[in-house]
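The structure appears right after this line, and notes come after that.
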Amino acid sequence: MTALAICGGRLVDPAAGVDAAKDILINDGRVAEIAGPGKLKGKNGAQILDASGLVVAPGLIDIHVHLREPGQAYKETIATGTAAAAAGGFTSVAAMPNTTPVNDSAEITRWMQAPERGAQVRVFPVAAATRGSKGETLNDFAALKSAGAVAVTDDGRPILKDSMMRETLAAAARIGLTVIQHAEDTRMTQGASMNLGPVSFKLGLRGMPAQAETSIVERDIRLVSELREAHPHLHVAHLSTAGALAAVRQARRNGLRVTSEVTPHHFLLTEEHVGLYDTHAKMNPPLRSAADRDAMIEGILDGVVDAIATDHAPHAMHEKEIEFELAPNGIIGLETALGLSLRWLHKEWRMPLGRVLGLLSAQPAALLGLKGRGTLAVGSYGDVVVFDPGAEWTYRATESKSKAKNTPFDGWPMLGKVRYTVSEGRIAYALQAADKPVGTGAL
């Protein structure tokens, strides 16, 4: 592999505490050298990327995506989903197990990572916690981890039985795996299609109460506390309610290893965006009240929330173009996460750039134990995103690299345009000249 030198840029590496003008040399897929501008010693013969006026940062890491393979390639494939990831600046994605069949075996875990899948960036499978994600029998966590699984979850089918969730936490702790929980008491949400509140009442739709999420989070935290000596790691996926956030906040104060993620749609949108039954605003957990949305923003800004994740959930167009109650849950998000985060968290709410990038790289890497990722320290993987921090542009769903176009952010203004994404030293995405936005330059 030809060495790659990224020169002239502003290196922002939150994990290493670096924010300075630096050049980077990547060789054999790893960061080989970092030096001041024009001072790289080993760049002779290397391919040169000019990063003048651009930010150079660790490749983004999305710990919650649905790539739909095996079994649902009409929605998305690993190749198309990771192409969208690369266009959005992501170099690693953690793929959920709700495939067909469910990823509950070492064989499927290995299949997802095979070169034949055509992944443009690194895929880290998250395997099912229970057989078939039915919540009855634990899978072989050791075999799954050996095959490459980085966590376990029954995402979309929460583990409701106390005894099974306790067993899951204990078994995962023994081999150092994170347990990711989709926190929803489905006994409270049967037949519901949006948040329970005045909007659902106005639209005549059955709503999901906030308590359905909060109660499961509180139950899981209680189990973590009871298993404290085993040091389990509970990660709450796509947090969406103020009550659940408060429970996570208290658990952290109590010294428990409880972490969480929030999606851009849950820190930007509310139930009002459902409008007149817009299926692009239908997801699970649903868009919540303005008070819940504001709580998510507060949790991100004050550091309780550990990561921003997209919950990228592609669907075919015909699946979303039906009655709201019948349409599947979920939206795509890999190409909008950085632009939305910079536009709102950084520009509007003044979160420092390094902290925003940390929520999208270093902190997700730490949550799943992805050693050598989420940083550009010498010796780490050559996973890099190079973006123009001052570029203003408009997202167009029709231009997505994903097979799917289901998003509420079509036509939204974005800030920060990805110019290059480098995955383990290989250029996985390069912005074409015709696609360059206006208003480029440093903030």
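The values are calculated or read from the model by the stated rules, or taken from the named source; none is laboratory data. Since the structure is predicted, the reported quantities are computational estimates derived from the model, not experimental observations. Because the Cβ atoms are built from the backbone with ideal geometry, glycine has one as well, and the counts that use them run over all protein chains shown.
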For the structure I just gave you, tell me whether ARG222 is under 22 Å from ARG174 (Cα atoms) and either surrounded by fewer than 20 Cβ atoms within 10 Å (Cβ to Cβ) or in the same structural domain as ALA307 (by TED's automatic domain parsing) (or both).
yes
Could you grab the pairs with beta carbons closer than 7 Å, sequence gap of 6+ or different chains, first residue in segment 330-344 and acidic (Asp, Glu), second one not in a loop (DSSP other than H, G, I, E, B)?
GLU335/ALA84; GLU335/ALA87
In segment 81-117, residue surrounded by the fewest Cβ atoms within 10 Å (Cβ to Cβ) [restricted to those that are over 24 Å from LEU338 (Cα atoms) and among the small types (Gly, Ala, Ser)]:
ALA114
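Picking from GLY374, GLY416, which residue would you name as being in the same structural domain as GLY8 (by TED's automatic domain parsing) and on the phi > 0 side of the Ramachandran plot?
Working: GLY374 fails: in the same structural domain as GLY8 (by TED's automatic domain parsing).
Selected residue: GLY416, the only one of GLY374, GLY416 that is in the same structural domain as GLY8 (by TED's automatic domain parsing) and on the phi > 0 side of the Ramachandran plot.
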From the list SER200, SER133, SER146, SER163, which one is in contact with a strand residue (DSSP E or B) (Cβ under 8 Å, 6 or more places away or on another chain) and in the same structural domain as THR279 (by TED's automatic domain parsing)?
SER200
Identify, please: which residue in segment 251-265 is assigned to a helix (DSSP H, G or I) and in contact (Cβ under 8 Å) with a residue 12 or more places away in the chain and is, among those, nearest to ALA290 (Cα to Cα)?
HIS265
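Among THR186, THR214, which is the only one that is in a loop (DSSP other than H, G, I, E, B) and among the hydroxyl-bearing types (Ser, Thr, Tyr)? Show your work before the answer.
Values: THR214 fails: in a loop (DSSP other than H, G, I, E, B).
After applying the criteria, what remains is THR186.
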Read through the list (1) more than 22 Å from the chain's Cα centre (by Cα); (2) under 18 Å from PRO285 (Cα atoms); (3) buried (at least 22 other Cβ atoms within 10 Å of the Cβ), then give the number of the only condition that HIS182 fails.
(1)
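Give me the helices (runs of 4 or more DSSP H) completely within segment 302-414, filtered to those with at least 1 residues that are crowded, with 20+ Cβ neighbours inside 10 Å and under 15 Å from the mean Cα position of the chain (by Cα), ordered by residue number.
Where helices (runs of 4 or more DSSP H) fall fully within segment 302-414 and carry at least 1 residues being crowded, with 20+ Cβ neighbours inside 10 Å and under 15 Å from the mean Cα position of the chain (by Cα), they are 337-340, 353-360, 362-368.
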Which one of these does ARG206 not meet: (1) surrounded by fewer than 19 Cβ atoms within 10 Å (Cβ to Cβ); (2) at pLDDT below 95; (3) not polar (S, T, N, Q)?
(2)
Here the residues within segment 169-179 that are surrounded by 20 or more Cβ atoms within 10 Å (Cβ to Cβ) and assigned to a loop (DSSP other than H, G, I, E, B) are LEU177
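Got a number for residues in segment 98-140 being of a type in the set (Val, Ile, Thr) and without any contact (Cβ under 8 Å) to a residue 24 or more places away in the chain?
Filtering segment 98-140 for residues of a type in the set (Val, Ile, Thr) gives 99-100, 102, 108-109, 121, 123, 126, 130, 137.
Filter again for without any contact (Cβ under 8 Å) to a residue 24 or more places away in the chain, leaving 137.
Number satisfying all stated conditions: 1.
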Please determine whether any residue of segment 199-217 is aliphatic (A, V, I, L, M), out of contact with any Cys (no Cβ under 7 Å at 6 or more places or on another chain) and closer than 23 Å to HIS231 by Cβ.
yes
State whether one or more residues within segment 272-291 are farther than 28 Å from LYS401 by Cβ, touching a residue at least 24 places away in the same chain (Cβ under 8 Å), within 19 Å of the chain's Cα centre (by Cα) and not assigned by TED's automatic domain parsing to the domain that holds PRO408.
no
